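Shown next, in C-alpha cells, is the structure this report addresses.
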Amino acid sequence: AKGLVFNHIGDTTGELANIEMLNYIIVDAEIDGFRVEDPIGMTGSEAKIKIYFTFAPVLHINYLKNVTDSIGVKLLGIVPQPFAISRAIAGSHESTFSGIVVDVGGGTTDLAVIQNGVAIGTHMVSFGSRVFTKRIASDLKLTLAEAEEFKIKYSNGELSEGRMAEVR
C-alpha cells in the first residue's frame, strides 16, 4: 500500500487535493479470538486486524521530505500528534483502557479517541489556548498580556475566588 496516492481527501474537508498515504499502523489484532500484539507470522483460521491509516497532502509530504533531505536525516515516518500522544500514554494499549485524549495547544486542540486500548480516531480543531486568552481579555477588559497571566494563574488556582469565577 506504500506510495498510494488519492485524488481527494473526502468528506473531512470537502476540498479536492492530492493526498498520499503516509503510513499505516496495526492498532489491534486478533487471531482466532485471541488478542495478539503482532499478527505478522501468526497462523489461525480467523484474523481480525484494525489498521490506523495516515494521509496528508502530497505538497506537505514533499516539503517534509525536502527538509529532512536538506539536513541529512532520514524521514522514518509521520504520524498525527494526537495519535502519537494516545499511543504514548501508559496503559493505553490495554483492553481495559478507554478515553478521550484532549491536547489543547496555542492554536489548535488535538483529540484522540481510545476504545478498549485501540485508537479509533483522531481529529484536530483550530481552537486553542489563544482563543481563551482573547476571550478573557475581551470580557475582563484586559490586555492580551494581562489576560494570559490571568489564564495561567487561573490554571494554577492562584486567583481570588471572585477572579476565578470571572475567568471561569
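The values are calculated or read from the model by the stated rules, or taken from the named source; none is laboratory data. All of these numbers come straight from a predicted model, not from anything done at the bench. Cβ atoms come from the backbone with ideal geometry, glycine included; neighbour counts cover every protein chain shown. Side chains are part of the model used for accessible areas, which takes the heavy atoms of the whole protein and leaves out ligands, DNA and RNA. Shrake-Rupley method; radii C 1.70, N 1.55, O 1.52, S 1.80 Å.
Computed values, structure above
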{"read-out": "Mean ellipticity per residue at 222 nm, deg cm²/dmol - from DSSP H runs of n ≥ 4 across the chain, formula -39500 (n - 2.57)", "value": "-9000 deg cm²/dmol"}
{"read-out": "Acute angle (nearest 10 degrees) that the helix 129-140 long axis makes with the longest principal axis of the chain, alpha-carbon atoms", "value": "20"}
{"read-out": "Degrees between helix 144-155 axis and first principal axis of the chain (Cα, 0 to 90, nearest 10)", "value": "70"}
{"read-out": "Cα centroid separation - the range 21-81 against the range 136-154, whole Å", "value": "42"}
{"read-out": "Segments 24-34, 110-120 sorted - mean Cβ within 10 Å per residue, highest first", "value": "110-120, 24-34"}
{"read-out": "Accessible area in square angstrom per residue, the range 43-102, 1.4 angstrom probe", "value": "72"}
{"read-out": "Between helix 58-70 and the chain: long-axis angle, C-alpha atoms, 0 to 90°, nearest 10", "value": "90"}
{"read-out": "HN-Hα J in Hz across the range 76-82 - Karplus 6.51, -1.76, 1.60, θ = phi - 60°, x for Gly and Pro", "value": "8, x, 9, 10, x, 4, x"}
{"read-out": "Of all accessible heavy-atom area on the chain, the percent that carbon and sulfur account for (1.4 Å)", "value": "55"}
{"read-out": "Sum of side-chain charges, residue 132 neighbourhood, beta-carbon under 10 Å (Lys, Arg +1; Asp, Glu -1)", "value": "+3"}
{"read-out": "Over the chain, volume per residue of the alpha carbon convex hull, in Å³", "value": "193"}
{"read-out": "Spatially proximal lysines relative to residue 141 (Cα-Cα < 28 Å; intrachain offsets below 8 disregarded)", "value": "151, 153"}
{"read-out": "Partners for residue 65 among aspartates and glutamates (Cα-Cα distance below 14 Å; same-chain residues under 8 apart left out)", "value": "20"}
{"read-out": "Loop-located GluC sites (Glu not before Pro) in the range 112-167, at most 14 other Cβ atoms within 10 Å (DSSP)", "value": "158"}
